[in-house]
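All remarks here apply to the structure that follows.
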Amino acid sequence: MNKKAVYIIMLGPPGAGKGTQAEVLAERMGLVHVSSGDLFRENLSKETELGKLAQTFMSKGELVPDDVTIAMVKDRLTRPDCEKGAVLDGFPRTPAQAEALKVMLSSLGGDVTIVPFINVPDEVLVERLSGRWMSKSGRVYHAITNPPLEKWFDDVDDSPLYQREDDKPETVRNRIQVYYKQTSPLIEYYKEQGKLIEIDGTQDIDKVTEDLMKAVGK
Ligand code: AMP
């Protein structure tokens, strides 16, 4: 019989390090890293209808409506490479998305196993996001705390790095507010299910990874 698929949800405010850690965790666990933000950005660069719609919300730091977000993630999770499960980063972000995910996963024969909640205080988030540099392949750098070997190119594939439009301080502040209003209720939701593990996201990247690996039992 097939082993049950494993789904891990990275929870935390924007800039907590979810993407960085999800990338490492997925690689070490042989799972796929599924980032809803990356999926929207892919659509944006391909200029799809979904991308154009998402852009109107993303540029303001608002959430894209649940129905389109849920449909996009569902499409991704039902692809063959997600058969063993996934590390979800940026999804779910609302209680409605969490409920939809539950239904989705049960039809895929899996469930959310663990929800690492990477906690970082607000004042650190703005500083982190304004120094952030991204690679098209999903790796994340920081001008001061995690610079690339060569400015500004990816260490692995040498592609040019870019700064996100929505990492501007005023948009970042709105993204943090949106997080508290719409996403933070999920902390309680997964705590009640006994799935939440809080991790101190202010530590060095490697120490956060170490705590995360312990949390998932590796
Ligand atoms: P992220 O890369 O996770 O910071 O996401 C960037 C932006 O994409 C967010 O600020 C939202 O506008 C949008 N987005 C990403 N994930 C979701 C989601 N689960 N629900 C709604 N909007 C999302």
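Within the stretch 114-126, is there a residue that is polar (S, T, N, Q) and either free of Cβ contacts under 8 Å to residues at least 60 places away in the same chain or open to solvent by less than 20 Å² (accessible area, probe 1.4 Å) (or both)? Looking for residues that are polar (S, T, N, Q) and either free of Cβ contacts under 8 Å to residues at least 60 places away in the same chain or open to solvent by less than 20 Å² (accessible area, probe 1.4 Å) (or both), one finds none in the stretch 114-126, hence no. Please indicate, with yes or no, whether at least one residue in the stretch 13-32 is in a strand (DSSP E or B), away from the ligand (no atom under 12 Å from the Cβ) and at pLDDT 95 or above. Within the stretch 13-32 (the criterion being in a strand (DSSP E or B), away from the ligand (no atom under 12 Å from the Cβ) and at pLDDT 95 or above), the answer is yes, since at least one residue qualifies.
Within the stretch 33-51, the residues that satisfy the criterion of being out of contact with any Asp or Glu (no Cβ under 6 Å at 6 or more places or on another chain), not β-branched (Val, Ile, Thr) and not in a helix (DSSP H, G or I) are LYS46, GLU47.
Among the residues of the stretch 55-66, some residue qualifies, meaning at least one is free of Cβ contacts under 8 Å to residues at least 24 places away in the same chain, surrounded by 16 or more Cβ atoms within 10 Å (Cβ to Cβ) and farther than 20 Å from LYS18 by Cβ. Among the residues making up the stretch 77-108, those that are open to solvent by less than 40 Å² (accessible area, probe 1.4 Å) and more than 12 Å from the ligand (Cβ to nearest atom) are LEU77, CYS82, GLY85, ALA86, VAL87, MET104, LEU105.
Residue under question is LEU129, and the condition is that it be within 15 Å of the ligand (Cβ to nearest atom), part of a strand (DSSP E or B) and under 17 Å from the mean Cα position of the chain (by Cα); does it hold? When the stated conditions are applied, LEU129 does not pass them. When only residues in the stretch 52-68 that are touching a Phe, Trp or Tyr at 6+ places or on another chain (Cβ under 7 Å) and in a helix (DSSP H, G or I) count, which is nearest to the ligand (Cβ to nearest atom)? So the residue we want is MET58. All of LYS74, LYS4 fail the test of being farther than 29 Å from GLU170 by Cα, modelled with pLDDT under 95 and not small (Gly, Ala, Ser), apart from LYS4.
Entry remark, the stretch 135-165: residues being part of a loop (DSSP other than H, G, I, E, B) and either loosely packed, with under 12 Cβ neighbours inside 10 Å or among the acidic types (Asp, Glu) (or both) number 9 in total.
When each of LYS195, LYS191 is tested for being open to solvent by 60 Å² or more (accessible area, probe 1.4 Å), among the charged types (D, E, K, R) and modelled with pLDDT of 95 or more, the lone residue that passes is LYS191.
Among the residues examined, GLY217 does not qualify as in contact with a helix residue (DSSP H, G or I) (Cβ under 9 Å, 6 or more places away or on another chain), modelled with pLDDT under 95 and either open to solvent by 60 Å² or more (accessible area, probe 1.4 Å) or not in a helix (DSSP H, G or I) (or both).
The values are calculated or read from the model by the stated rules, or taken from the named source; none is laboratory data. Quick caveat, the model's predicted, so the values are computed rather than measured. Cβ coordinates were reconstructed from backbone atoms using ideal geometry, including for glycine residues, and neighbour counts include every protein chain displayed. The protein model used for the area step is the full one, side chains on, heavy atoms only, and it has no ligands, DNA or RNA in it. Shrake-Rupley method; radii C 1.70, N 1.55, O 1.52, S 1.80 Å.
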